[in-house]
Structures are given as structure tokens and as C-alpha cells.
1. Fully extended, how many nm does the chain gain between ARG206 and GLU24 (0.36 nm per residue separation, minus their Cα-Cα distance)?
2. Heads up, I need the accessible area for ILE25: 1.4 angstrom probe, whole protein in place, Å², nearest 10.
3. Could you tell me the accessible area of LYS63 in Å² (1.4 Å probe, neighbours in place), rounded to the nearest ten?
4. What ranking of VAL217, VAL74, VAL199 comes out by heavy-atom accessible area, probe 1.4 Å, highest first?
5. Give me, ordered by chain and number, the residues 5 or more places off SER69 or on other chains with an amide H under 5 Å from its own placed amide H.
6. Could I have the simple spin-label model distance between ASN249 and ILE234, label points 7 Å from Cα toward Cβ, reported in nm to one decimal?
7. Rolling a 1.4 angstrom probe over the protein heavy atoms, how many square angstrom per residue are accessible across the range 174-224?
8. For ARG175 and ASN84, calculate 0.36 nm times their separation in residues minus their Cα-Cα distance, and state this gained length in nm to one decimal.
Amino acid sequence: MKTTLLVLLCFAVVQATGQTDNNEIPVFQTYEIGFADASNTVEVTRTLIAPDGKVFYDPATRKLMVLASSNHHVSVAALLQQLNVPPRNVSVTVRFLGQGENRQTDASLTGSGGVIITGNGTRPGFSIQPKIGHQTSRNNSRTSQQLLVASGRQASIFIGEEVPYIEWFMEYGRRNHYFEERIAWQRVGASLVIEPLIVGDGPSIRLRITPELSGLVNNNPCRTRFANVATEVIVNDGVPFSLGGLAENNDFYSRFLIGVDRSGGRQSLEIELTARIVAPSGSSVSP
């Protein structure tokens with residue numbers, strides 16, 4: 001239905017505009033944009049066929065609907081041939097090092113008994129002594145995730161199903177205009193959104209990392225990305241990068257990079273990312 005309406009709109013534009021400046025009747029044609037970025041393709045195409053041409057984009061079919069002269073259509077076809085190139089893939093290995101501490105308190109009772117001899121005879125005696133012990137254990141855990149992402153696209157790495165400092169993040173969100181009022185999260189989890197972009201032909205890769213909370217609010221799915229604390233770095237192919245070593249926005253990340261294990265214990269997470277450019281055959285470019 002949406003595509004039909006856009007087509008009718010194009011024909012209406014034909015009736016309204018009539019002919020172009022060189023007395024050529026505009027021609028309507030559709031183009032598949034394929035792997036090209038939609039917003040950039042529409043913007044460049046509009047610039048290319050200005051001022052008389054018209055461009056409409058249908059996101060459902062990822063097609064451009066172009067009303068322009070024949071010469072402009074030749075230019076649009078050549079442009080799309082250059083833009084419709086499969087993006088190269090980036091393999092991102094994410095390693096988590098969790099360091100946690102559990103403190104346990106045990107209470108027990110010890111007793112001793114005997115016979116007490118007095119001037120009035122004997123009577124049994126028994127004393128009870130409470131014993132309280134504290135035990136602290138430290139534990140380390142290592143896990144990893146593997147992502148395969150097209151250059152310029154996004155994928156998420158999962159931090160945990162529980163967010164220990166959710167109230168702190170809600171207050172942070174209100175201060176920074178993420179939330180207009182207090183909201184009640186249900187089953188909120190934490191993730192990091194990873195967006196790799198190969199710089200030129202490599203080996204440099206730009207990594208943009210954005211924290212995200214996701215869960216239910218009033219039984220409706222909700223996602224919030226904290227764009228103002230997003231991290232953007234340039235790394236070389238195959239060289240590890242430690243997210244926990246960032247000094248910038250440390251107040252935020254020191255709370256966000258906290259996991260909760262099955263026993264309810266909290267673990268601070270050290271996250272290391274290694275990005276590698278993947279050749280079209282599926283093998284990594286780096287040795």
C-alpha cells in the first residue's frame with residue numbers, strides 16, 4: 001500500500017511539474033539500493049538530480065523511486081553501481097575477566113557441661129558460647145563472545161541480566177534528559193552496542209561502543225542508549241583494546257561494567273576487544 005501511494009505521488013508530481021528545463025519529459029524509474037546505506041544514497045541522489053528531479057525512498061523494499069530526465073537516470077544508475085558494494089566484515093572477539101568477592105558470615109553455638117559442687121550439694125551446670133565467623137572468598141571468571149559484524153553496521157554484546165546500580169542510572173538519565181520522569185524497569189539488562197568501521201582499506205578499524213539498557217517498562221519493550229558516554233577509538237587489526245582502562249566517563253563505566261552471577265554475587269568486569277578484518281572468503285586478513 002505504501003509503495004502504491006508513493007507511485008501515485010510520483011505521477012502527481014509529473015502532472016504538476018510538466019517538463020524539465022530542457023523541455024524533456026521526466027521519466028519515472030525505480031532502483032534497488034542493495035548494500036548501499038539508505039540515508040546517504042537518498043541524499044547523494046537528490047543532489048545529483050537537482051533541481052528538477054525528485055527522489056522517494058521505500059524502506060520496505062529498499063528501493064529508490066526517481067523522477068528525472070534520461071540523462072540524470074544514467075548518472076543515478078552509475079552512482080548506485082558504485083555504492084552497491086557488499087561491506088567487508090569485521091570479527092570482534094570480546095573477552096570478559098570477572099573479579100568478584102563473596103563474604104559469608106557463619107554462626108554456631110558451642111557448649112560444655114559438668115557437675116558443680118556447692119555447700120548445699122551438687123547441681124548440674126552447662127555453659128553456651130556463641131561463635132561467629134566471617135569468611136571472604138575471591139573468584140575470577142573468564143568468558144568470551146564472538147561477533148561477526150559488517151563494517152558500518154551494529155551488534156551487541158551482553159553484560160548481564162541484572163543491573164545492580166539501576167537507580168543510579170535512572171538518576172543519571174534524568175540529569176542528561178534520557179528520561180523525563182521516573183520509570184519502573186522490569187527485567188532490565190545491560191549491553192554494549194559495537195559498531196566497527198574499516199578505515200579505508202585497513203588495517204585501522206574505528207570502534208564505536210555505546211552502553212545500552214534494555215528491558216520492559218509497563219510490559220512494553222524499551223531500549224535506552226547512553227550516547228553521551230559512547231566511546232570511539234581507532235584500533236589496528238588484531239590488536240586488543242581494553243575498555244576498562246578508559247579514564248574518561250569512569251564514574252559511569254565503573255557502575256555499568258558490573259555483572260551479577262547466579263549466586264547473586266557482584267563481579268566487576270574487565271572487557272577486552274580484538275577486532276579483525278575478515279576477507280570475503282571468510283578468512284581473517286591478519287595472520
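The values are calculated or read from the model by the stated rules, or taken from the named source; none is laboratory data. Note that this is a predicted model, so its numbers are computed, not measured. Counting neighbours? That spans all protein chains shown, and the Cβs are built from the backbone with ideal geometry, glycine included. Only protein heavy atoms, including side chains, enter the accessible area calculation; ligands, DNA and RNA are left aside. Shrake-Rupley method; radii C 1.70, N 1.55, O 1.52, S 1.80 Å.
1. So the chain would gain 60.9 nm between ARG206 and GLU24.
2. Probe radius 1.4 Å; accessible area of ILE25 about 100 Å².
3. Surface open to solvent at LYS63 totals about 70 Å².
4. Greatest to least solvent exposure: VAL74, VAL199, VAL217.
5. Under 5 Å from the amide H of SER69: VAL27.
6. A separation of 2.0 nm, rounded to one decimal place.
7. Here the per-residue accessible area is 56 Å².
8. Gain on extension, ARG175 to ASN84, equals 28.5 nm.
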